[in-house]
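Here the structure is laid out as structure tokens; the discussion comes afterwards.
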Amino acid sequence: MKIIESGTGAEAGIRAANLIAELVRATPTAVLGLATGSSPLPLYAALAEQNLDLGRVRGFSLDEYLGLGAADAESYARVIRREVIERLGLDPDLVRTPDGLAPDPVQEAADFERSIRAAGGIDLQILGIGSNGHLAFNEPPSAFDSRTRVVELEPSTREDNARFFDSLADVPTHAITQGLGTIGEARQLLLIAHGEAKAQAVARAVEGPVTEDFPASLIQRHPNATLVLDAAAASRLQCARV
Ligand code: GLP
């Protein structure tokens, strides 16, 4: 595991964007796993500055709230469209987010998993981390071999994410998420975290026991994982960083 520490979130965004730019220059049809949340926003902003042609890149979002669709302001489909597809110039036909309005969400999850395989798997998966150690919406505990599926959100996750909604009651109770097995199969993981509020979760993910009770500890088992952290998010780590 490689840990890159940068002073500010914006600097960390530039370091993370450089990793993606390197991949896309080598492989213009690279398959990216796309994360929402506030953590990857500096990365997307920095990547937009690089004026790279991302028109042939394929993308798979990590997760989506059940009951929200692309027309809903807080759906991840909408966030990915705004922050990634439009901002970075990806082809909307090459980006797939689980459909939170699918009539059969279990089937939708299975179809989503199949489409990742059909694309040849994910080259680089962008990740944030929940304060409870979740990756995507894999709440603790989640099996390390879990696949894309319907999950129930923890109360703490709904509270964390309520800031994006009018009220806590508006935060969906369920989601479709890539599984930890799905995420772990990506050829490269790029986890981004900013701020003191993530310091404890980052330390447990990197230096705590590898356990399904703390899903983000999965990164310790991955052969090619990079963490890009600002100083606050790295503040509780003991290990060396570059
Ligand atoms: C949501 C997403 C996660 C994300 C997490 C952290 O719960 N499902 O994929 O990592 O939020 O969000 P933020 O980056 O805003 O702290």
Report in % the part of the accessible area of the stretch 110-242 that belongs to carbon and sulfur, leaving out ligands and nucleic acids; probe 1.4 Å. 50
Can you give the accessible area of Asp91, probe radius 1.4 Å, in Å² rounded to 10? 50
Using the beta-carbon distance between Ser167 and Val242 and R0 = 35 Å, what value does 1/(1 + (r/R0)^6) give for FRET efficiency, to the nearest 0.05? 0.25
How much length would be gained if the chain were fully extended between Asp111 and Ala10, taking 0.36 nm per residue of separation minus their Cα-Cα distance, in nm to one decimal? 32.8 nm
Per the 1/(1 + (r/R0)^6) rule, R0 = 25 Å and r from the Cβ atoms of Asp145 and Leu101, FRET efficiency to 0.05 is 0.35
Roughly how many whole Å is it from the C-alpha centroid of the stretch 34-111 to that of the stretch 165-182? 15
Please list Val31, Val79, Val242 in order of solvent-accessible area, largest first, computed with a 1.4 Å probe with all protein chains present. Val242, Val79, Val31
With the chain treated as a Gaussian network of Cα nodes joined by springs under 10 Å, which of Ala110, Ala205, Ala118 yields the largest mean-square fluctuation? Ala118
How much length is gained on full extension from Ala119 to Ala73, taking 0.36 nm per residue of separation minus their Cα-Cα distance? 13.7 nm
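Can you give the relative contact order of the chain as a percent, counting alpha carbon pairs under 8 Å and 6+ residues apart? Mind showing how you got there, number by number?
Working: 534 pairs, mean separation 61.5, N = 242.
Once divided by the residue count of the chain, the mean separation gives 25 percent.
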The chain - charge dipole about Cα centre, Lys and Arg +1 at Cβ, Asp and Glu -1, debye rounded to 20: 760
Pick out which of Phe112, Phe164, Phe144 has the largest mean-square fluctuation in a Gaussian network model of the chain, springs linking Cα atoms closer than 10 Å. Phe164
Roughly what would the spin-label model give for Glu185 and Ser38, points 7 Å off Cα along C-beta, in nm? 3.4
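Starting from the Cα-Cα distance between Gln220 and Lys2, subtract it from 0.36 nm times their residue separation and give me the gain in nm to one decimal.
Result for the pair: 77.5 nm of gain on full extension.
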Where a ≥ b ≥ c are the square roots of the eigenvalues of the C-alpha gyration tensor, would you call the chain rounded, which needs a/c under 1.5, or, failing that, prolate if a/b is larger than b/c, or oblate? rounded
Averaged per residue, the 1.4 Å probe accessible area of the chain, protein heavy atoms only, in Å², is roughly 42
If I build a Gaussian network model for the chain, linking alpha-carbon pairs within less than 10 angstrom, which residue out of Arg81, Arg114, Arg96 has the largest mean-square fluctuation? Arg114
Got a number for the accessible area of Leu43? Probe 1.4 Å, square angstrom, nearest 10. 0
Using a 1.4 Å probe on heavy atoms of the protein chains only, the accessible area for Arg78 in Å², nearest 10, reads 70
How many angstrom separate the Cα center of the stretch 124-138 from the Cα center of the stretch 203-242? 12
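The values are calculated or read from the model by the stated rules, or taken from the named source; none is laboratory data. Note that the structure is a prediction, hence the values are computed from the model and not measured. We place every Cβ from the backbone using ideal geometry, glycine too, and count neighbours over all the protein chains shown. Protein only, heavy atoms only, side chains kept; ligands, DNA and RNA dropped before computing areas. Shrake-Rupley method; radii C 1.70, N 1.55, O 1.52, S 1.80 Å.
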